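Read the structure below first, then the notes.
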Amino acid sequence: MKILIVGNGARESAIALKLSADHRISKMYFAKGNATTAKLGQNVYEDSVAGLRDFAINERIDLTIVGPEAPLVEGIVDEFKAHNLKIFGPRKRTAELEGSKAFSKKFMQTNNIKTAKAVVFDAYQEAMDYVKTQKFPIVIKASGLAGGKGVVIADDLTEAESTIHRFMIERIYGDAGIQLVIEEYLRGFEASIIAFANGKKLFPCIPVKDYKKAGTGDKGPNTGGMGSVAPSPEFTDAHYKDFEDHILAPTLAGLNAANIHFKGFIFFGLMVTNEGTYLLEYNMRLGDPETQVLLALLENELFDVIMDCLEGRDIELKFKDEKAVCLVMCSGGYPHRIETGFEVRNLNQVKHSQVLFAGAKNVGDKVLTTGGRVLSVVATGDSYEEARKKVYEDALSIKFDYGFYREDIGKF
Ligand code: AMP
Ligand code: GLY
């Protein structure tokens, strides 16, 4: 079997590592890949949908797995299917559940899914008039894809008005800000649940805790994710029951009602408040850094569960009865301006963990930084503390100029 994996983060490195142990897979290609995937297969410098389609045809790829949201929203699955290429992921129309927050909010409302109260706006003046009547903080979201930056929690009317202006008039995220979702602020803790979909049913993985803020103690700006822990230590059976009854089941019913029978991943971004579990958003893909800890604990062969889903068979996911911790090491300045090109040193001193590269490439026998999130350090143990110790001991050895990481991942 020849496999193509689209993406270049530590998420894709984790997929690659998991699949690399599977003897049925003869070769893996990565578009565009990174320093880890270059060791496990071949990186290809192609990222247009048409270019990837041609590559998959020419190389006779047996299965394509898509990591990031952009190609899904662009319609890579429709294009591959039109050429009889096997690919795991939702079609363009279904990917809109992530690509358009207006569409997904309407889907949640229509299907009685437990979510924050919200109103969708297409007109600037209506949005401006609306926030004058609201309580603060309030959450303002650009509807389209904005690389995780299109959500602002406005603390007062001035901030709300300037945000609406920047999104709708200045268009700081381009067309992503043509429509806004303005919603009630929910106070609580977050959890991520990712499910496999086989076209008929959804099969959830264990809940994960993702650390979104850049700084230790949950300080500073939002990022793509600074670390993760599985299973989430905060998400109880009662929270899960609430999720099953008021989010998972009505989502499946809503998909069926809309005649959507996709095969791929669906990611539920949850907020747990005193009133229970609420859905903040769907992502139609695996999360990063959630994948790093989930795959460290997944007992099934990833290839089997994906193929079973593609063929419409039910799956039974099994996770090790252990804890996994993932620490993300970043370039100085992330998530804002960063400098790259620094050597990642002392990798041979890593003893207990798996190092999965993201923004890093091989140059000769060196690894150089290329992005904001440089690498993930992942370990498992019988307790959070054991996994956490392994990760932090190894992180202490790994060096690159101006690198930083949070000190409190997996600390409760
Ligand atoms: P989203 O892309 O919709 O998940 O929003 C990104 C982040 O903004 C979430 O992970 C939360 O930290 C925060 N957020 C989004 N919606 C809300 C809300 N209604 N109340 C509080 N925080 C929110
Ligand atoms: N960690 C959240 C995401 O992948 O969107």
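The values are calculated or read from the model by the stated rules, or taken from the named source; none is laboratory data. Just so we're clear, the structure is a prediction, and the values are computed from it rather than from any experiment. Cβ placement follows ideal geometry from the backbone for every residue including glycine, while neighbour counts extend to all protein chains displayed. Heads up: the accessible areas ignore ligands, DNA and RNA and are worked out on the full protein's heavy atoms, side chains in. Shrake-Rupley method; radii C 1.70, N 1.55, O 1.52, S 1.80 Å.
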Quick one: how many residues across the range 52-85 are surrounded by 14 or more Cβ atoms within 10 Å (Cβ to Cβ) and of a type in the set (S, T, N, Q)? 1
Take the residues in the range 79-103 that are of a type in the set (A, V, I, L, M), assigned to a helix (DSSP H, G or I) and under 20 Å from D47 (Cα atoms); name whichever of them is farthest from ligand 1 (Cβ to nearest atom). A82
Return the residues of the range 160-185 that are assigned to a helix (DSSP H, G or I), touching a Phe, Trp or Tyr at 6+ places or on another chain (Cβ under 9 Å), open to solvent by 50 Å² or more (accessible area, probe 1.4 Å) and closer than 27 Å to M108 by Cα; say none if nothing qualifies. H165, R166
Selected residue [without any contact (Cβ under 8 Å) to a residue 24 or more places away in the chain, among the aliphatic types (A, V, I, L, M) and either closer than 24 Å to C309 by Cβ or more than 16 Å from ligand 1 (Cβ to nearest atom) (or both)] from A238, A253: A238
The condition of being more than 18 Å from the chain's Cα centre (by Cα), within 16 Å of ligand 1 (Cβ to nearest atom), within 29 Å of C309 (Cβ to Cβ) and surrounded by fewer than 19 Cβ atoms within 10 Å (Cβ to Cβ) holds, among K106, K135, K117, only for K106
Across (1) closer than 22 Å to T251 by Cβ; (2) modelled with pLDDT of 95 or more; (3) open to solvent by 10 Å² or more (accessible area, probe 1.4 Å), L145 clears everything bar (2)
What pairs come up if the first residue lies in the range 256-271 and is away from ligand 2 (no atom under 16 Å from the Cβ), the second is assigned to a strand (DSSP E or B), and their beta carbons are under 7 Å apart, counting only those six or more places apart or on different chains? F262/A197; K263/F88; K263/A197; K263/N198
Only one residue in T216, T251 is away from ligand 2 (no atom under 16 Å from the Cβ), β-branched (V, I, T) and under 20 Å from the mean Cα position of the chain (by Cα). Which one? T251
How many of the residues in the range 148-159 are free of Cβ contacts under 8 Å to residues at least 40 places away in the same chain and open to solvent by 10 Å² or more (accessible area, probe 1.4 Å)? 7
